[in-house]
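The values are calculated or read from the model by the stated rules, or taken from the named source; none is laboratory data. In this text, all values refer to a predicted model and were calculated from it rather than measured experimentally. As a convention, Cβ positions derive from the backbone with ideal geometry for all residues, glycine included, and neighbour counts pool all protein chains shown. All accessible areas refer to the heavy atoms of the entire protein, side chains included, with ligands and DNA or RNA removed. Shrake-Rupley method; radii C 1.70, N 1.55, O 1.52, S 1.80 Å.
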Amino acid sequence: MSKKLKLAVIAGDGTGPEVTREALKVLRAAGNRADFAPDIVDYDLGGDRYLKTGEILPASVLTELRAFDAIFLGAIGHPEVPPGILEKGLLLTLRFELDQYINLRPVQLYPGVETPLAGKGPADINFVVVRENTEDLYCGMGGFLKKGTPDEVATQSAIYTRKGCERCIRWAFEFTRKRNNPKGKMLTLVAKTNVLTFGHDLWYRTFQDVAREYPDVKADYNHVDACCMWMVKNPEYYDVIVTTNMFGDIITDLGAMIQGGMGVAAGGNINPDPGGTSMYEPMGGSAPKYTGQGVINPIAAISAMAMLLEHSGFPESGRQVLEAVQQVTGKKMKSQAAGRMGYSTSQVGDLVSEALQA
Ligand code: IPM
Ligand code: MN
């Protein structure tokens with residue numbers, strides 16, 4: 001065994017453990033093929049632990065997590081925990097504390113996967129969203145005045161910093177250059193400069209400044225509302241999109257739908273700085289109504305594992321896993337919808353693992 005991969009696993013809530021099991025199965029198969037051994041530590045975090053102990057993310061656990069090469073997160077969200085508690089206390093805290101300032105979300109239609117967009121296929125739906133992941137409306141700044149009265153006031157501030165947008169924009173230019181799209185390298189800034197004339201003006205000016213360092217990449221701009229329109233009408237227009245945290249959240253759910261649904265879409269929360277710890281997750285959430293039935297689609301989780309490998313020093317294995325996934329969606333699975341795949345959750349994991357051996 002040559003290289004090591006120190007991996008923390010937070011299987012989490014609902015269907016999280018089921019899809020995580022398959023992603024780890026595929027990781028082991030990839031390790032066998034490429035002769036590396038993942039060194040895995042499980043962390044019991046999520047809704048059940050919170051309900052039992054009141055703990056969400058103990059400080060000692062956060063310290064331990066910093067020492068890993070990467071984190072795999074299954075799902076967070078529990079029907080008995082009010083909205084916001086686990087999201088803020090675990091997911092957003094990890095993104096912020098580990099300074100995972102890139103949220104990388106590929107929008108790729110795999111072979112054999114149905115898209116709701118008429119007449120579009122895998123050649124048309126293949127772009128990547130680079131979402132800033134540590135600022136904007138997600139910073140949690142705001143408050144109430146006269147709460148619960150007819151005169152109530154609520155504020156929620158969006159924070160944008162030069163440093164925060166510049167590091168994200170620069171990473172996105174580098175990524176676009178490396179992706180080297182044969183159709184032409186293009187990075188589209190998606191924002192709302194016609195209304196958010198302060199915060200998004202900063203983003204726009206920074207984008208123009210950084211663009212000068214990348215003359216080989218076309219620097220393009222779309223307002224976010226127009227972007228939603230183009231994603232549905234002409235998704236083939238896009239190569240790479242860079243955008244703010246909240247807009248990135250919204251357009252990537254639209255992206256997930258055009259690539260075949262929440263069972264397929266994966267994301268990476270990346271800290272690309274030296275020694276940074278990144279976290280990879282399927283986008284589907286904890287899906288309580290499907291929990292424990294073995295019907296949930298693990299393809300998003302397996303794709304998240306492919307991203308993890310790609311960005312954690314095993315790019316060849318990452319590519320092999322993604323290829324294996326595409327063989328299984330293209331040649332085996334009936335549908336990407338939970339319960340209609342033609343296979344159980346664990347059978348899909350087996351199929352991808354088998355395709356990897358080939
Ligand atoms: C996502 C999710 C999170 C977000 C929620 C769960 C806080 O929607 O990863 O896109 O808004 O970032
Ligand atoms: Mn989201």
Exercise for the section: Among the numbered conditions (1) within 15 Å of ligand 1 (Cβ to nearest atom); (2) buried (at least 21 other Cβ atoms within 10 Å of the Cβ), tell me where THR277 comes up short. Expected result: (1)
Exercise for the section: For the stretch 127-146, state whether one or more residues are in contact (Cβ under 8 Å) with a residue 24 or more places away in the chain, open to solvent by 40 Å² or more (accessible area, probe 1.4 Å), away from ligand 1 (no atom under 16 Å from the Cβ) and within 30 Å of PHE68 (Cβ to Cβ). Expected result: no
Problem - Among (1) away from ligand 2 (no atom under 16 Å from the Cβ); (2) in a loop (DSSP other than H, G, I, E, B); (3) touching a Gly at 6+ places or on another chain (Cβ under 9 Å) - the single one GLN100 does not satisfy - result: (1)
Handout entry: Residue pairs meeting the criteria (Cβ under 8 Å; at least 6 apart or on separate chains; first without any contact (Cβ under 8 Å) to a residue 40 or more places away in the chain and closer than 10 Å to MET283 by Cβ, in the stretch 239-263; second within 10 Å of ligand 2 (Cβ to nearest atom) and open to solvent by less than 10 Å² (accessible area, probe 1.4 Å))
Key = MET262/ALA256
Practice task
Would you please list the contacts, defined by Cβ atoms under 7 Å and residues six or more apart or on different chains, that run from a residue in the stretch 68-96 that is open to solvent by 30 Å² or more (accessible area, probe 1.4 Å) to a residue that is basic (Lys, Arg)?
Solution key: ASP69/LYS6
Practice task
Name every residue in the stretch 282-292 that is open to solvent by 20 Å² or more (accessible area, probe 1.4 Å) and within 16 Å of ligand 1 (Cβ to nearest atom), in order of residue number.
Solution key: MET283, GLY284, GLY285, ALA287, PRO288
Practice task
Would you confirm whether any residue within the stretch 46-69 is in a strand (DSSP E or B) and either of a type in the set (Ser, Thr, Tyr) or closer than 24 Å to ILE270 by Cα (or both)?
Solution key: no
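Each row is one residue, and each column tells you yes or no for (1) buried (at least 22 other Cβ atoms within 10 Å of the Cβ); (2) of a type in the set (Asp, Glu); (3) more than 18 Å from GLY77 (Cα to Cα).
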position	(1), (2), (3)
ASN271	no, no, yes
GLY294	no, no, yes
SER303	yes, no, yes
GLU316	no, yes, yes
LYS331	no, no, yes
ALA337	no, no, yes
Completion exercise
Out of (1) under 15 Å from GLN108 (Cα atoms); (2) in a helix (DSSP H, G or I), the one SER317 does not meet is (1)
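Which residues, taken from the stretch 41-55, are under 15 Å from MET279 (Cα atoms) and under 21 Å from the mean Cα position of the chain (by Cα)? Even if it seems obvious, please write down each step before you answer.
If we filter the stretch 41-55 for residues that are under 15 Å from MET279 (Cα atoms), which is where we start, we get 41-43, 45.
Correct list: ASP42, TYR43, LEU45.
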